[in-house]
Structure formats: structure tokens, C-alpha cells
There are 6 protein chains.
Amino acid sequence: MAVVVTDIQRAAPEAVAGLAQQGVATVHEAQGRKGLMASGIRPIYRPAHIAGTAVTCNVAPGDNWMIHVAAEQCQAGDILVVAPTSPCEDGYFGDLLATSLQSRGVLGLVIDAGVRDIATLTDMGFPVWSKAVYAQGTVKETICDVNRPVLCGGMRVCPGDVIVADDDGVVVVERANAEAVLAAAQKREANEEEKRLRFANGELGLDVYNMRDRLAAKGLVYVSSADLEE
Amino acid sequence: MAVVVTDIQRAAPEAVAGLAQQGVATVHEAQGRKGLMASGIRPIYRPAHIAGTAVTCNVAPGDNWMIHVAAEQCQAGDILVVAPTSPCEDGYFGDLLATSLQSRGVLGLVIDAGVRDIATLTDMGFPVWSKAVYAQGTVKETICDVNRPVLCGGMRVCPGDVIVADDDGVVVVERANAEAVLAAAQKREANEEEKRLRFANGELGLDVYNMRDRLAAKGLVYVSSADLEE
Amino acid sequence: MAVVVTDIQRAAPEAVAGLAQQGVATVHEAQGRKGLMASGIRPIYRPAHIAGTAVTCNVAPGDNWMIHVAAEQCQAGDILVVAPTSPCEDGYFGDLLATSLQSRGVLGLVIDAGVRDIATLTDMGFPVWSKAVYAQGTVKETICDVNRPVLCGGMRVCPGDVIVADDDGVVVVERANAEAVLAAAQKREANEEEKRLRFANGELGLDVYNMRDRLAAKGLVYVSSADLEE
Amino acid sequence: MAVVVTDIQRAAPEAVAGLAQQGVATVHEAQGRKGLMASGIRPIYRPAHIAGTAVTCNVAPGDNWMIHVAAEQCQAGDILVVAPTSPCEDGYFGDLLATSLQSRGVLGLVIDAGVRDIATLTDMGFPVWSKAVYAQGTVKETICDVNRPVLCGGMRVCPGDVIVADDDGVVVVERANAEAVLAAAQKREANEEEKRLRFANGELGLDVYNMRDRLAAKGLVYVSSADLEE
Amino acid sequence: MAVVVTDIQRAAPEAVAGLAQQGVATVHEAQGRKGLMASGIRPIYRPAHIAGTAVTCNVAPGDNWMIHVAAEQCQAGDILVVAPTSPCEDGYFGDLLATSLQSRGVLGLVIDAGVRDIATLTDMGFPVWSKAVYAQGTVKETICDVNRPVLCGGMRVCPGDVIVADDDGVVVVERANAEAVLAAAQKREANEEEKRLRFANGELGLDVYNMRDRLAAKGLVYVSSADLEE
Amino acid sequence: MAVVVTDIQRAAPEAVAGLAQQGVATVHEAQGRKGLMASGIRPIYRPAHIAGTAVTCNVAPGDNWMIHVAAEQCQAGDILVVAPTSPCEDGYFGDLLATSLQSRGVLGLVIDAGVRDIATLTDMGFPVWSKAVYAQGTVKETICDVNRPVLCGGMRVCPGDVIVADDDGVVVVERANAEAVLAAAQKREANEEEKRLRFANGELGLDVYNMRDRLAAKGLVYVSSADLEE
């Protein structure tokens, strides 16, 4: 038996819209360095930058049947998150499924497996973050859950969570934390903007962050090469 | 001792020309999901899409001598397929060899090893699918066979087979099957075009492929989140 | 305790300028196939091609503090080379540090770890060669040496050495050898240019390099497929 | 800030004792093929087979400080589960920490990172499942949480969950499900024992599981080699 | 559709018995350095050393159904060779299937995927060479061919071929070549035995193989450290 | 051209003898966490523990010729360190070469490549630390340097340096530092022995190392689960 949850709660649209303006690195920092998917989940084309609400889907290895089931649960502004129940790099997803999802307003796909037809997906502007590019096809024999928590890229994703994905990778924000993380990210971004100006003007991080005393206290010593013998 | 076979039979040009219009994923499906090289064989630039007849070449690890021998066996419309006799990621191939092959009308290179000078190869428009990009040079000391079956990307390639390569990877079509696979691919492509329109209009795969009854028979259940306790 | 060497000697500017005209593969060959970093150190965008003098920096795993210290030691024409003291793929470096380095005239970064904010780095035209792209942040707790020899991409880099980096990867030229390697590279390049013309005109490597006799002596035999039984 | 939870609830001792009699593969099947850590988490010696209750601990990359904090939270029958906040293979754990844990009755360690002193650990009979063996030492600078949920080997582990580990790997059983999973595992094991006898007597799975009709319905055909042409 | 070939021809028993006395490295050399599986295919316990005739079996990713079908085609002296149709590390095979195969006289398993219950397999003395140890279970939904050529560990294996497996890995000897390869291996082994004595007596390979002149001709020079400046 | 240095200086025998009593982890700590080879260099059997003086040798990929040259430079108490000039996992070394080295009193081999005949090497008690076990043979065509600095497992090894290798891996001690590192290691070991007793008696690292105040200062807080809401 497997279940499809049909009435998931999604993060607030305003929070998602706000997070879409923030990069993955900023959001990751803003929520205390949590929720970042493994570095092996990479975009098929660059640049790409989206934020949306997760519809989640498990699939059996080599079997993409449940992606068709999940598609029906997707609505505009969603990002489909697909995780195989054991590691697999098959091409679960191609241009037909992308056409289907795009027609429903789905913003992109995050999949801890392979994808194919990437030239067409690139032309369509349908971004995918995946573990592999692989033309290997799949069967349709085994059912799994849709809209239940999944583990994707080493991270737990619940339906309705916010997914932010850009050239750096993918970060998950828990639904309940979306507003708080957005506020923290915006504050951080503002703070960074000010620092960026100082750095652009030639100030050093050593001074911008007042590091010199703490470095000296740790024992950092400046020497000339003449002081070193070897 | 090593041999160079000088009079290989190539797949029919019409079949190759037809297969050049088909993507790797489609051809792979059309021939029963066989012949796909490992996902680690990736194009050095994108987009790239070629189909041609294989000239095959084994090389010793760290030794690219036989590529020069193989070059002489190549003719217009060929794709050179190079496989080391044990795993190696050295840069066997660079811009001089590409110039040589391009002057003979060779369409591209598939190599289960490394390649270098990729900026120049990109500027030349000479596509390569390789396991690595690596500037490490090679020697010229050991002979191997040319135009004998090789194992490349985990697949067996015979001289004269059709190679189709695009952004998704590389697929091998046995020479004798080229026409049949082309026919199956064209049929599949036509079928997909019709489906693409239905998907673009918002129809779901669940309905396009009549999956609902079979999913229910397997035990798939639709629930509301209120039905789940955890 | 850790030290920062403040008065490193850099390779001669003329040699660096000359090496900037040469590709990594050429320089690697010209210095006897030494100094090439592992193939896993890849550029974040392409094309990219720089040569500069190394400022070197060790960092603790998950700790980017010393990059701020190293920044102060950098001057125009330098390339910062960062190596963690044990393997780590965290995102040690992002757009703020790049802004800081770029304001000082630093040409790029080579890091045997991860990097983030790559969309911004790409827009800024600040090239990075790294082992990973990963948004994972770092702490500032542990001190390490700056401008001492480091091991990066499997290669030893001393401060003041020349780093040449392009789409093929990264090569290190020892400071004392810069002029000699440049001369050898230029000679090699001139020699290659002449060969490129011959190849473009359809001459084969077999003849350009006079390989036929040596191949025959090794036992290479040309056969027709009829000669083979299998 | 980081927290140490000092009063975690542990799975019932009877359930843990029962699960200690079951192999990882059986438990994994019995709970619906969930909770299995990635295959890269391997025992440092074989055979090894334990089950216990999880004390969980995050650590910064290259920093094993929190393992000392977690040790105090461990009691007899526990298994310490350590997860770095970003991927790291340093040797976080050696014979001194093992001596400390063993003196408290801790059964073993599961760590998504490296371990060292494995010859001594083997002599002591203190089993470890780890991602790497690596002598690289760590610092003590950064605090993290103890007894909060962690992601280890791609799986979520909560404090008090049951960990079963043997030569096949590591599986996590949620605390609340321990009794139910034990019952299912025992039933499965009994069932397998009966099947083992039939297999030992030469019966085939085709008959033991009544597969022949379903295979034929799927289209499986038995042929002689004479029927095949190729 | 999928087929099971029921009347495969096996290599001559005398040749197989002879090859069982030879190590993988020797056999690999004796047949011209061909047929060696990838180094990732490793024994689950050591020492282990078998030779037998291949029964071949494809399986879908995450689906071990066909192993049950293949079991019926096995007879005493066979080795079962299992290859997934796309990369997968699931635990396709455990103690029940091993009991079944062992009761039929099957000597061992070679699988380009995962295996489980390895503690029991070790106790039973049923050797397995696999890509992974992983408790992840599989389904029984998809049919594939039995006793057709497969690609396992990067090598093509035909039913009836000889498989030799030991602590060094796995090598495939084509059925038609079994006697010739055995003869070459025995000759090589005899030759090595004589050399082993000379080496044990302190003679150097330089003299045993008469390498000194050829090395000097290549340009090898003996120097004292005083001759080197750096 | 390539050179063989015939009169290398070796570390003092007393220092080497002393280091042979110390584990790799201890030595690595004692010299300031430097010199540890990559974790991928693993022993072919366990337990194994040796220390000796390095004779170094580069080899071309797939070519073991220089190992024969290096053998002549080895004397009792040496460890041969072999590094390919580009990454390769071929089986460069087997039982014949081991017999040769063992007859000269060589203690073992460290190789950043593959090894074969490991069952025999295990029986002989000739330990090897390698990157791979692979039966793939090599040729004898290309010369390289012997007793010049090499990069092995990511570390620089000079001839005469001390190599310590055990189940945890391999560490390099520069010749000039051997006595100092030995003294530091012995001091550390003595210190650890005292701590081991305290740990065995149930004392915690928190108290043995006086960590509690510093943890509190960093912000570590002890809470009961009731204090946490989520």
C-alpha cells in the first residue's frame, strides 16, 4: 500500500516570494546552516534560480511511475521533489513530464537521481537540479508515497516546505519557519550589502570584522621569510 | 602484436542520417533500453548532437599512440571511439588531433578517458564526450588494436556501429540494427509529439497513459492529511 | 601557533605575463609533465584563462578564517591558492571575499575545497577553480599558516610560484623555473602551430611524426576483416 | 548557542534486546524498507552485530569537541551516533574515546565521518561503523547540539531510537515503532527459517513463491539456443 | 518479453578444473590482458578462490526477480553472474538465495550490484564478488533475460564462459578459449615459479629480465645526490 | 632522461626503530598533523604495522618498469614508495616483486596505485598499502626517476624519509625531523596512557580535559526535553 496526500499545507506565498529573491547561500546561513542538500545535486543549466513549495514523491529505483501521480498534486508555484527509495541515477524525468509540469505552473524539479532530455529542458527553461544526467529509461511497476516526507540530497523534505535552488545548489526551509528565515535572510543581505561596499573600497575583512586581536590571541604571528629557516 | 582492420563495414548512411535527427534518450528507448554508455561520459560543451559511424581504438593507459593510427582509418561521417585497456583519465586528445580529424570530416570523439585543450575544441566546434578533462599528457610506446570491438563507457562498440551522442550522453546502435532502430525511434518520436501536445494542454500522464485503474489495483490510496496520524 | 610570511618573493612579472599567453596543457608539457593539479579542480565558469603569482593559505576543515588573513598579503597579479588541512568541500569563499580580492587586483582563486555564490562570481568575472560548488558555510575559529608551502590538488605550491589556470585545469610552475618554462612553452607552441597547419591540410600524425616504421617494428599489422576469424 | 538534551526517552529495553537478535536486512524489511543508512557506512571489523539506543551528536567538520559532551549523556546499552554538519572524513574518534564509552557500557559508535586507532578498537572489541578510516586529527573549537535529531548516513536519527548494526550496515528504528518492528522481524525470521529448509532441500524460489504463472503472464519465455539467431 | 535460454553450452570441465588452480592475475595475463572486471567488484570475504561456468542474468534496478529464474538454470560447477540493466547497489541477494544455489552445487555469485546477509554467507562459505554490501531490499516486478550476454564489471560475459575469481577480482575467459588460456596460464605459472626462486635468492628483476641495456638505451642515468643541484 | 639516485641519506635507524613502536595517528599528531597520506591508501591485510626508510619511485601509468630499477636501490629496513605520474589503479606489483623485495629485507610497499596477488602477499606477510586491488597488468616501456621526491597519497615523500604505516593509514616523517617527532610521539603516548586509565575508570573527557567552563563560555546549554518545543 502507498498513499497520496491530497491536501497538503503550503508555506505562505509571501514568504516564498521573498525567499525567491535570496540566494541559497544566504538562506542557508540565515536559518543557522541547516537544510542544505548534498553538493552532488546540481543544476542542469546555469544560471537558474527559483523558490517554491515542495510536492514530494518517492520512487522505486528505476521506476518513475509515481512522478505521474505526483504531477496531479502539483499546482502553480510548486517545485517537485523526487527521491528514490534507494540510490539510483536513472533518467526518471524528461521533456514530456516537464511539459506536463510546466503547463501546471510548476517551477522546476529537484531529484536525487538522473534526468534526461536536458537540451530540450534547457530550451523550455524548465530548471532541474539532479544527481546525474543519464538517458536510462525507467519502468512503471511499483507504487510509493506522494506528499509524505522524503530524504533528498541527504535532507528531509516535507510537503509544503520551501525549496530555494540556484547555481550553488538547493536548500530546504521548513514550512513553519519560512517567514522567520526570510526575515533573517533579508537582514543578512542588507548587512552584506554594506560590507560589499567596504570590501569594494579596499577594506579588508580583518578590519571589517575586527579580527586582528582575536587572531593574535590565538597565536598568529607575522614573520619575514628571513625569520624562517628550512 | 596488434592489428588494424582497414576495411570495416559501416552502417548505412541513410540510417545514420536518420538517427542524427533523434536524441539519445529516444534511440535508447527505441532499441529496448540497450547500448547506453555510463553516465560518466559527458560532453565537453553543450549543446552538442551528432550521429556517425564508429572507428574504434584501444589505447594503453597514459599512451595515445594508437589514436594517430586510428586517424588514418577515419573517413567523413565517422566518430572516433577510444577506450583505454585499463581505467585512465589522462588527456589523450587535444587540439592538434582534433584538427587532424576535423580535416578528414570526422564528426567527433567519444573517449573513456580524459581530453584537453577543451577551450580550443569548443571554438573549433569539435565535440567530445569524455570521462574527464585533464591536461595530463601521454606517451607513444605501446601498440593496441584499431577497428576491433572495444568496451567504452561500459558498452561494447564494434567498428561500423552507429554512435549517437547528445547532451544526455552516448548510445551505441549495432550496425545490423541501424535501420530497425531508426524506424522504431521515428515511430516513438511521432507518438511522443502527440503526447507532448496533450501534456501541454494540461492533460495528466495518469489519463494519457490510463494509469488510474492499475495504480488502484496495486493499492494506491488517496488520503487527506487529517487521515494520517504521526 | 601559525605564521604569516609577509615578504614572499614572486616570479618575475615578464615570465608571468608570458605564461598567461600559454595554455595549461602546453605549460605542463613544457616543464616535463609536472605540476598539474588533480582533474577534480575545475573552473566554475568557462572560458577562463589566467596566470599569476601564488599567495598560499592553509585552512582548517570548515573554517575560512585564514582567507581573510591571506587577503591582506595579496597584491595585483596574484592568485590565491587555498588548501584545507584535511579534505573538505565546504563553501569557503563567496562574493564578499571575491569583491575584496578583486579590489586588490587579485586575478582569481584556486581552492581544493568548495566555493559558493558562483552566479555572482560569474557576473563579476572573478574566476575560481575548485573541487566543489557547495553553499555550506564555514566558521572562524582555527588559525593556519599563510604563505607557506601547501598541497593543493595533489600538487605542492610555494608562495610566489606561477599558477596557470584555464578550462583544462591548473598547473604550477616553480618560481625559479618560470623563465625556462616560458621559453620551452613558447618553443613548443611555435612548433605546434606549424603542425596544426599540416594537420589542417590533411597530413596524418603517422607522417608528421614519422611513426610508421616504429609502429611496424613494435609489431603493428594492417589486416582486412577477411583475415580475422571470430 | 547549542543545546544538550539531558533526559531523552529511550526505546523499551525488551524491544532493543529482541532487535539485537535480528539482522539489519531483516529489520529493514520488517519496517517496510525504511531507515537504512547509506552503504558507505561500514564496520571497521567483522563480524560485528549490536543493537542499542541512540545518543545523537552533531559535530563541526574537523572538530570532535561535542563527542566528549555526548559521552556524558551515554548510559549502558546506548550507541553513539555522530554526524558532522557538513561532509568530513577526519578521524573524530580513537581509542581514548572508545575507552571512555566502553567504561560506561556503550555498545558501539556509528559515525558519518572517519575513525582512527582501528587496530586498538578491534582489540578492545569496540565496534564502529564509519564512512572512512583516517588518522587525521580534529580540533575542539565549535559547539553543536547533543541529543537532537541528526542526519547520519542519509537517515534521520532521533535520540532514543533503536540502532541495529551488523556486517550489512546500519538501520534505524524509530523509538515508537520498536515493538512493532520487532514483532514483524520475528515473524519474518520464522517465515524465512521455514523457507531456508525448503531451499536447502533443493526447492526453487520459483516454486516456493509460486512465481511461474506471474512470470509467464509478464511474457517470460523459455527457449533453446537454437531458437535464437544472432 | 524476455527469454530464458535453457540449453547453454558450458566450457569443458577439464579446462575449468585447470583454471581453478590459477589465480586471476595469471589468467588475465595468459589471455593477453583481457576480460578483467572493474576493480570495484570485490569479494565479501577473503581468502576466496573459485572457477566455474557462467549462468548469466540481467535484473532491473531494485528488482531481483530474475535471480530466482536463473537459479533453475544453474547446475553444479556454475557461477551465477548477475548484472543490473542500469547501475544499482541494492542488496539483490542474501542467505536464502545462497542456500538455494548452494544446494544445487553453484560455486558462488558475481554481481555488479549489492549483496546482503554477508555474515551468514561467510559462515556458509558461499563466496560473492559484488560492487557493494547493502541491506536494501528489492521488488519482484520486472522480467529480464537469463543466459544471454551481459555486461558485468565492465566486461561482457556470455553463458558458459569460464569465470575465475579470487582475492584480486574476477576475470572472464570466453568458452571457446578456455583450453588455450589454461595452457598459457600453466606455462606462465611454471615460468614464474622458476623466477620466484631466483628472486628469493636475491637476484634482481634487472638481471632476471635483462633490463639494464634497454634502460640505458632509453636514457636512464645513475647519479649520486652530489650530482644533483636543487 | 631519467635519473636514479644511488646514495640517498636515510633517517637514523634508532629514530626509525622508535617510530615503529608508535601508531600512525600518534605520529601524525606528534608532528603537528602533517604528512598523512589520503585515506584512500589502505592496507591489503590487517593488522599490519611497519616503519622504515623511503626509497621513492615514479612510474608511468600502466608501466611498472621502474619498480625493478628501484628494487636494486632498496636495502634492509626500507619501505618502497611508488607513485604514478598520473592517476592509475593498475596492478603494478605482485608476488614476484614482493619476493624480490622481501629477499632484500624491504619491509613493505606503499603505492598510490593498484596491487595484485594479494592472497600470496598476505601469506608471505609482505604488507602493502595501496589505492586499489586490481589484477590489471602493466608494461615496461617508459623510464622515470628513482629516489627523487614523489607525491604519494597527496603527500610529498623524499628518499630517506621515515614512513610509518598501520591499519589507520600511512604518515610521512621528514628525515631531518625523525628524532624530534619520535620524542614528541613518545611524550604524547605517555600522556595518553595516563589518560586512558582515567577514562577506563569512568572519568569523562569533559573533566580530564577541563572542558566545562569553555563550553559554557561558548554558549552550550543543558536542557530537558520539556524545555524544547517543536
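Among A:54-66, C:45-57, sorting by the average number of other beta carbon atoms lying within 10 angstrom of each residue, highest first, gives A:54-66, C:45-57.
Indicate the residues belonging to the range C:26-67 that lose 40 Å² or more of solvent-accessible heavy-atom surface (probe 1.4 Å) upon moving from the chain alone to the assembly of all protein chains, ignoring ligands and nucleic acids. The answer is C:ARG33, C:LEU36, C:SER39, C:ARG46, C:PRO61, C:TRP65 - residues whose exposure falls by at least 40 Å² when every protein chain is included.
Taking beta carbons within 10 Å but only from partner chains, what does the mean come to for residues F:199-211?
Working: counts 11, 5, 3, 3, 2, 8, 11, 5, 2, 3, 3, 0, 4.
So the per-residue partner count for this stretch is 5.
Across the identical copies, the 7 Å label point of B:ALA76, projected outward along Cα→Cβ, sits 5.3, 5.3, 6.5, 7.3, 8.6 nm from its counterparts, in ascending order. Across the range C:202-219, computed HN-Hα scalar couplings (Karplus, 6.51 cos²θ - 1.76 cosθ + 1.60, θ = phi - 60°) run x, 5, 9, x, 3, 9, 4, 9, 6, 8, 4, 5, 5, 4, 4, 5, 6, x Hz from first to last residue, x flagging Gly and Pro. Post the alpha-carbon centroid distance, the range C:68-111 to the range A:43-89, in whole angstrom. Distance between centres, Cα-based: 36 Å. Buried between F and D is an accessible area of approximately 3500 Å², summed over both sides with a 1.4 Å probe. Which shape class, rounded, prolate or oblate, goes with the range B:25-161 when its Cα gyration tensor gives a ≥ b ≥ c as root eigenvalues, a/c under 1.5 marks rounded, and past that a/b bigger than b/c marks prolate? Verdict is rounded for the range B:25-161.
Where does the charge balance sit around F:ILE50 when Lys and Arg score +1, Asp and Glu -1, over other residues with C-beta under 11 Å from its C-beta?
Details: positive: none; negative: F:ASP78, F:ASP166.
Net charge in that neighbourhood comes out at -2.
With a 10 Å cut-off around each Cβ of B:213-225, the average count of Cβ atoms from other chains is 5.
Taking the DSSP bridge list for the range B:92-230 and keeping only pairs wholly inside it, about 60 percent are antiparallel.
In debye, nearest 20, what is the charge dipole magnitude of the range C:87-183 about its Cα centre with +1 on Lys and Arg Cβ and -1 on Asp and Glu Cβ, if you could check? Can you show the working numbers first?
Details: 7 positive and 14 negative charges, 57 e Å.
Using only the charged Cβ atoms, the result is roughly 280 debye.
Farthest toward the positive end of the dipole of the range C:106-230, out of C:MET211, C:LEU228, C:ALA190, is the Cα of C:ALA190, where the dipole comes from beta carbon charges about the Cα centre.
Between F:LEU109, F:LEU151, F:LEU206, the GNM of chain F built on Cα springs shorter than 10 angstrom shows F:LEU206 fluctuating the most. Restricting the calculation to Cα atoms, every distinct pair contributes to the Kirkwood radius of chain A, found to be 19.1 Å.
Can you give the mean number of other chain Cβ atoms that lie within 10 Å of the Cβ atoms in peptide B:149-156?
Values: counts 2, 0, 5, 1, 1, 8, 3, 4.
Rounded to a whole number, the mean comes out at 3.
Of F:LYS131/F:LYS195; B:LYS218/E:LYS131; C:LYS195/F:LYS140; A:LYS131/D:LYS34; A:LYS34/A:LYS187, which sit over 23 Å apart, Cα to Cα? All intermediate terms of the calculation are to be shown ahead of the outcome.
Values: F:LYS131/F:LYS195 35 Å; B:LYS218/E:LYS131 32 Å; C:LYS195/F:LYS140 30 Å; A:LYS131/D:LYS34 21 Å; A:LYS34/A:LYS187 18 Å.
Beyond 23 Å between Cα atoms: F:LYS131/F:LYS195; B:LYS218/E:LYS131; C:LYS195/F:LYS140.
What residues does the range D:86-108 have that are buried by at least 40 Å² of accessible area in the full protein assembly compared to the chain on its own, 1.4 angstrom probe? Relative to the lone chain, where solvent access is computed with a 1.4 Å probe, the range D:86-108 loses at least 40 Å² at D:SER86, D:PRO87, D:GLU89, D:LEU96, D:THR99, D:SER100, D:SER103.
Please label the shape of the range E:56-130 as rounded, prolate or oblate, based on the square roots a ≥ b ≥ c of the eigenvalues of the alpha-carbon gyration tensor (a/c under 1.5 means rounded; beyond that, a/b larger than b/c means prolate, else oblate). It is oblate, given that a/c is not under 1.5 and a/b is not larger than b/c. For the residues A:VAL27, A:VAL164, A:VAL69, a GNM of chain A with alpha-carbon springs under 10 Å puts the largest fluctuation on A:VAL69. When a 1.4 Å probe is rolled over the protein heavy atoms, the share of accessible surface on chain D that falls to carbon and sulfur comes to 48 percent. Using amide H atoms built in the peptide plane, which far-off residues or other-chain residues are under 5 Å from E:VAL139 H to H? HN-HN under 5 Å from E:VAL139: E:ASP63, E:ASN64. Computed over chain E, relative contact order equals 29 percent, with contacts defined as Cα pairs under 8 Å that lie 6+ residues apart. Proximity of backbone amide H atoms, modeled 1.01 Å from N, is registered between E:VAL59 and E:ALA83, E:THR85 at under 5 Å, excluding neighbours fewer than 5 places apart on the same chain.
Could you tell me which of rounded, prolate or oblate describes the protein assembly as shown, using a ≥ b ≥ c as the square roots of the eigenvalues of the alpha-carbon gyration tensor, with rounded for a/c under 1.5 and, failing that, prolate when a/b is larger than b/c and oblate otherwise? Here the protein assembly as shown falls in the rounded category. For A:VAL133, the residues whose modelled amide H falls within less than 5 Å of its own, excluding neighbours fewer than 5 places apart on the same chain, are A:VAL115.
The charge dipole of the protein assembly as shown, taken about the Cα centre with unit charges on the Cβ atoms of Lys, Arg (+1) and Asp, Glu (-1), comes to about 0 debye, rounded to the nearest 20.
Using the Cα centre of the range C:28-181 as origin and beta-carbon charges of +1 (Lys, Arg) and -1 (Asp, Glu), tell me which of C:MET155, C:ALA71, C:GLY52 is placed farthest towards the positive end of the dipole. Farthest towards the positive end: C:MET155. Taken one residue at a time, the phi angles of the range B:32-41 give Karplus couplings (6.51, -1.76, 1.60, θ = phi - 60°) of x, 6, 10, x, 7, 6, 4, 5, x, 8 Hz. Gly and Pro are set to x. Under a model in which nothing but the beta-carbon of Lys, Arg (+1) and Asp, Glu (-1) is charged, the range D:157-230 shows a dipole of about 320 debye around its Cα centre.
Go ahead and estimate [θ] at 222 nm for the protein assembly as shown from helices alone: -39,500 (n - 2.57) per DSSP H run with n ≥ 4, summed, over the residue count, rounded to 500.
Values: 48 runs with 438 residues, N = 1380.
The per-residue figure over the protein assembly as shown is -9000 deg cm²/dmol.
What accessible area per residue, rounded to a whole number of Å², is obtained for the range C:27-130 using a probe radius of 1.4 Å? Please report the intermediate quantities before stating the final value.
Values: 2370 Å² over 104 residues.
With all protein chains present, the range C:27-130 gives 23 Å² per residue.
The values are calculated or read from the model by the stated rules, or taken from the named source; none is laboratory data. Note that the structure is predicted; figures quoted are calculated from it, not measured. Glycine also receives a Cβ, built like all others from the backbone with ideal geometry; neighbour counts cover every protein chain displayed. When the accessible area is computed, the model is the full protein with side chains, heavy atoms only, and any ligands, DNA or RNA have been set aside. Shrake-Rupley method; radii C 1.70, N 1.55, O 1.52, S 1.80 Å.
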